[in-house]
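Heads up, the thing below is written out as structure tokens.
The values are calculated or read from the model by the stated rules, or taken from the named source; none is laboratory data. Here the structure is a predicted model, which is why all the values come from computation and not from measurement. Cβ sites come from the backbone with ideal geometry, for glycine too, and all protein chains shown count toward neighbours.
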Amino acid sequence: MDLKSKIILISGPTASGKSSFAIKFAKKINGEIINADSMQVYKQLKILSARPDLKKYQKIKHHLYGFHNVTKNFSTGDWLKLVIKKISEVQKRKKIPILVGGTGLYFKALTDGLVKIPNISLKLRNEIRDLQKKLGQKKFYEKLLKLDPSSRGKINPTDTQRSIRAYEVKKFTRKSLHEWFKNTKSNFAEDDFFKVYIDYPRQELIERINLRTSEMIENGAIKEVKDFIKLRVKKDKTANKAIGVNEIREYLKKQKDLNDTKEKIAIKTRQYAKRQSTWARGNMMSWMKLKPQDINKFLKKI
């Protein structure tokens, strides 16, 4: 399997062993690893984001990990600008870029391009959200089809989030969301990528998530959240969405005991893993699906 001219993409649900697989891959093909996880960019969230221990893997260069401050937002567009530059730098060194992470939107922006929709006013966005709540999803979807008939067959009638997004884009720009997508292009060709998705069986993944949650607590997640709280991160900042931040905050306020806190973190992580798997089924159909028991066999082929 010749991968010299490829950009390697590795994804999979949380706790599926993407980072360790990427390191083994990098050793085989003289690669450098680039982060594609939206929480692993934050320097203050090492434990909760399960950031790989870079000191342990000094022989393999890692990029875009733990460099951004939690007090500032970091968008998919921010990541895309940095990653395009980083891919070029790695290739100039005659190394193979290996992007690894669980943030589906990052990979979609890289392979399909990023939709440059103008910023929609918060007032209009709130009005549309209120309208959806008032009407209910069924009637709201019917209203969306009247406003934007091209949404029929492209947006699931039960998909609240995408229905609201399509409605606000059409209302604000007078152009369908699907037109915006159609006119968006990637900096790369489809053939530039070699894409692997680690497809973990659900029950095994649940066991790994439970184990990881316990290890995070043992390794200092509580102190990490204490330090995070001291930074007074504003509520609208993305870092607040990191699983474990709010759960441990409740524990520190004596609202939950430690076992309840661990269980709540594990449940939220399992829900997140399920959403990642759902995303992959809809958006990563062309990716090679790799079962964990086949990883060593796959690596031997390279």
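The table that follows gives values for the structure above.
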| item | result |
| --- | --- |
| Matching residues, the stretch 247-261, being surrounded by 15 or more Cβ atoms within 10 Å (Cβ to Cβ) and free of Cβ contacts under 8 Å to residues at least 12 places away in the same chain | Lys256 |
| The stretch 128-156, residues that are surrounded by 15 or more Cβ atoms within 10 Å (Cβ to Cβ) and over 21 Å from Ile117 (Cβ atoms) | Gln137 |
| When residues of the stretch 54-111 are limited to those that are within 16 Å of Ser19 (Cβ to Cβ) and of a type in the set (D, E, K, R), the one surrounded by the most Cβ atoms within 10 Å (Cβ to Cβ) | Lys61 |
| Residues of the stretch 48-60 satisfying the condition of being modelled with pLDDT under 95 and not aliphatic (A, V, I, L, M) | Arg51, Pro52, Asp53, Lys55, Lys56, Tyr57, Gln58, Lys59 |
| Residue match in the stretch 173-187 (condition: within 30 Å of Pro292 (Cβ to Cβ) and at pLDDT below 95) | yes |
| Output for the stretch 73-116, where each listed residue is more than 12 Å from the chain's Cα centre (by Cα) and small (Gly, Ala, Ser) | Gly77, Ser88, Gly113 |
| Within the stretch 263-302, tally of residues that are within 29 Å of Gln161 (Cβ to Cβ) and in a helix (DSSP H, G or I) | 21 |
| Complete set of residues in the stretch 125-169 that are under 22 Å from Trp279 (Cα atoms) and outside any helix (DSSP H, G or I) | Arg152, Gly153, Lys154, Ile155, Asn156, Pro157, Thr158, Asp159 |
| Any chance Lys264 is crowded, with 17+ Cβ neighbours inside 10 Å, of a type outside the set (Gly, Ala, Ser) and within 26 Å of Arg232 (Cβ to Cβ) | yes |
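Here is a yes/no grid of residues against (1) within 25 Å of Phe25 (Cβ to Cβ); (2) among the small types (Gly, Ala, Ser):
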residue	(1), (2)
Leu231	no, no
Ala242	no, yes
Val245	no, no
Arg249	no, no
Glu263	no, no
Thr269	yes, no
Trp279	yes, no
Met285	yes, no
Pro292	yes, no
